[in-house]
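Here the structure is laid out as structure tokens; the discussion comes afterwards.
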Amino acid sequence: MKNLSKIIILILTVCSIQVSAQEKLIDRVVATVGSGVILQSEVEAQYAQYLLNRGEPAPDIKCRFLQQLIITKLLAQQAAIDSVEVTESEVDDDLNSRMRGMIAQGGGQERVEAFLKRSLLQYKEEMRPVVAEQLKAQKFQRSLIQKITITPLEVKKYFESLAENEVPNISTQVEIGEITIEPELTKDEKNVFKERAEKYRQQVLDGTDFGTVARFYSEDKESAKRGGELGFAPRTNYVKEFSAMAFKLKEGEISPVFETEYGFHFLQVLQRRGEDVNVRHVLILTQPTQASLDRAKTKLDSVLNLVKTGKMSFSAAASRYSDNKETKFTGGMVIDPRSENRSTIIAVENLEKEVFVAIDPIQPGEYTESYQYQDPRTGKIGYKFNYLKTRIPPHRASLEQDFATIQFYAQEDKTRRKMSEWFEKKTKTTFVQINEDFGSCDELKIFSKSNLEDVAVNRN
């Protein structure tokens, strides 16, 4: 069980490890797992990806790759028993993401294809069944983990079981609120961007290739590299205005220019597959003008004055005026994005730099001045001010003060143990045989003769 615990930590991340293809060999089976097999080429594919990511040549690492493949196979086989399915669009999205990552890491498409000795399109089709299996394993694993809950009594027992030197040290933590105002463009200000989109759409209608227009002019930089193509996705992947347009057009049709929260688009439907659609689009982002920024700051300063003078509570002001959809209905309080239990206690090292700089000089109960910010996810610019509710100095963890943090560690510990138990049970009821070439791998000792003997006992 001790050896199992060491390798089972890998289960929580194994399905996210990328694989790639290498020059084809005369293949051979290196492991049999239940009714399935793992080929030498699959191990070499993992190793090729490792080298492509500029890893140092290390043949011994293939032991770990085979271990990961066996774990994935075990999870995927149980997923099949439990009728866990993945859609074609999920496989396509994962493959497309891998393609983009490989191109970025490998220095461009031509270099990657030269390294793989095949086209990326050929690689993509070769990897489709492998990726589908990994996604099924991943989905099944998530279903197992989601069933693992922890009670307050278990959290207490976990904390009490820690040795003195295992009790975590907690850095400075804060509870903060924020109210944000985004700049709003007037109709005339918006028309500048809309007219640009209309001009590019007209070029397409006049015969210019859609993909060429997207590559040169679309401000969705990622899809622009692919001629504006987004790949197959369900309507829930898009904002409502975009999905409404994408799902009402026929294949080949080009939409009129329309607006979303991101800017002005026009799109073309390439193909529909059931409830999924593949479109390409051109996006012209709406950028705030200086006048719109000035209006936003003036509005936010007036809200800040209401709060500071006590004419309105901070929570009421957040609910009424803030443009931050995530905090608007939490009384303006920021939820730690790393917390699974929606805690408002945030370690200062996890704050965005501009927020830390703003709150550092103030005391609990005080407000910062308004300042300009840029959302790291969307790139949108606006103004905000922060409220510092609480500042907790560095300390050793205690149940009274740090229950949410200890609960997180306890949940992780229980998840590892439960997955270890599941894996131990699975290996005792599944035939696993490994090629003798990998017989010296410490990582694979768990799949030893004794394991096979256990399988025989269980089958009899």
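The values are calculated or read from the model by the stated rules, or taken from the named source; none is laboratory data. For clarity, every value in this text was computed on a predicted model and none was experimentally measured. Here Cβ is always computed from backbone atoms with ideal geometry, including for glycine, and neighbour counts include all displayed protein chains. Just the protein is used for accessible areas: all its heavy atoms, side chains included, with ligands, DNA and RNA removed. Shrake-Rupley method; radii C 1.70, N 1.55, O 1.52, S 1.80 Å.
Give me a count of the residues in the stretch 373-389 that are over 20 Å from the mean Cα position of the chain (by Cα) and free of Cβ contacts under 8 Å to residues at least 24 places away in the same chain.
So the count comes out to 1.
Quick grid of which residues meet (1) loosely packed, with under 13 Cβ neighbours inside 10 Å; (2) modelled with pLDDT under 95; (3) in contact with an Asp or Glu (Cβ under 7 Å, 6 or more places away or on another chain):
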{"site": "Asn341", "(1), (2), (3)": "yes, yes, no"}
{"site": "Thr344", "(1), (2), (3)": "no, yes, yes"}
{"site": "Arg377", "(1), (2), (3)": "yes, yes, no"}
{"site": "Leu388", "(1), (2), (3)": "no, no, yes"}
{"site": "Ala397", "(1), (2), (3)": "no, yes, no"}
{"site": "Gln407", "(1), (2), (3)": "no, yes, no"}
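Run down Val279, Val303 and say which single residue is farther than 22 Å from Asn96 by Cα, touching a strand residue (DSSP E or B) at 6+ places or on another chain (Cβ under 9 Å) and open to solvent by less than 40 Å² (accessible area, probe 1.4 Å).
Working: Val279 fails: farther than 22 Å from Asn96 by Cα.
Answer to the check: Val303.
Under 6 Å by Cβ, and 6 or more places apart or on different chains, what pairs join a residue from the stretch 195-206 that is under 14 Å from His281 (Cα atoms) with one that is of a type in the set (Val, Ile, Thr) and part of a helix (DSSP H, G or I)?
Close Cβ pairs satisfying both conditions: Tyr200/Val213; Gln203/Val213; Val204/Val213.
Could we say that Gln122 is closer than 30 Å to Gly274 by Cα, assigned to a helix (DSSP H, G or I) and among the polar types (S, T, N, Q) here? Steps first, please.
Details: closer than 30 Å to Gly274 by Cα: yes; assigned to a helix (DSSP H, G or I): yes; among the polar types (S, T, N, Q): yes.
Here the answer is yes, as Gln122 does meet what is asked.
Being within 28 Å of the chain's Cα centre (by Cα), open to solvent by 20 Å² or more (accessible area, probe 1.4 Å) and closer than 16 Å to Phe264 by Cβ is the filter here, so list the residues in the stretch 188-220 that pass it.
Restricting attention to the stretch 188-220, the residues satisfying the condition of being within 28 Å of the chain's Cα centre (by Cα) are 211, 214-215, 217-220.
From the residues that got through so far, the ones that are open to solvent by 20 Å² or more (accessible area, probe 1.4 Å) too are 215, 217, 219-220.
Tyr217, Glu219, Asp220 - these are the residues of the stretch 188-220 that are within 28 Å of the chain's Cα centre (by Cα), open to solvent by 20 Å² or more (accessible area, probe 1.4 Å) and closer than 16 Å to Phe264 by Cβ.
Any residue at all in the stretch 87-95 that is within 30 Å of Lys225 (Cβ to Cβ), in a loop (DSSP other than H, G, I, E, B) and open to solvent by 20 Å² or more (accessible area, probe 1.4 Å)? I'd like the intermediate steps shown before the answer.
In the first step, residues of the stretch 87-95 are kept if they are within 30 Å of Lys225 (Cβ to Cβ); the result is 87-95.
Applying the additional criterion that residues be in a loop (DSSP other than H, G, I, E, B) yields 87.
Applying the additional criterion that residues be open to solvent by 20 Å² or more (accessible area, probe 1.4 Å) yields 87.
So far as the stretch 87-95 goes, yes, one or more of its residues are within 30 Å of Lys225 (Cβ to Cβ), in a loop (DSSP other than H, G, I, E, B) and open to solvent by 20 Å² or more (accessible area, probe 1.4 Å).
So, in the stretch 171-187, of the ones that are of a type in the set (Val, Ile, Thr) and either part of a loop (DSSP other than H, G, I, E, B) or closer than 24 Å to Ser292 by Cα (or both), which residue ends up most open to solvent (accessible area, probe 1.4 Å)?
Among residues in the stretch 171-187 that are of a type in the set (Val, Ile, Thr) and either part of a loop (DSSP other than H, G, I, E, B) or closer than 24 Å to Ser292 by Cα (or both), the one most open to solvent (accessible area, probe 1.4 Å) is Thr186.
Only one residue in Leu39, Leu51, Leu69 is surrounded by 21 or more Cβ atoms within 10 Å (Cβ to Cβ) and at pLDDT 75 or above. Which one?
On the way: Leu39 fails: surrounded by 21 or more Cβ atoms within 10 Å (Cβ to Cβ); Leu51 fails: surrounded by 21 or more Cβ atoms within 10 Å (Cβ to Cβ).
Only one candidate qualifies: Leu69.
Would you mind finding the one in Lys156, Lys250 that is basic (Lys, Arg) and outside any loop (DSSP other than H, G, I, E, B)? Steps first, answer last, please.
Values: Lys250 fails: outside any loop (DSSP other than H, G, I, E, B).
When all the criteria are applied, what remains is Lys156.
Name the residues in the stretch 227-243 that are within 22 Å of Asp94 (Cα to Cα), touching a residue at least 12 places away in the same chain (Cβ under 8 Å) and not aromatic (Phe, Trp, Tyr), would you?
Gly227, Gly228, Glu229, Leu230, Gly231, Ala233, Pro234, Arg235, Val239
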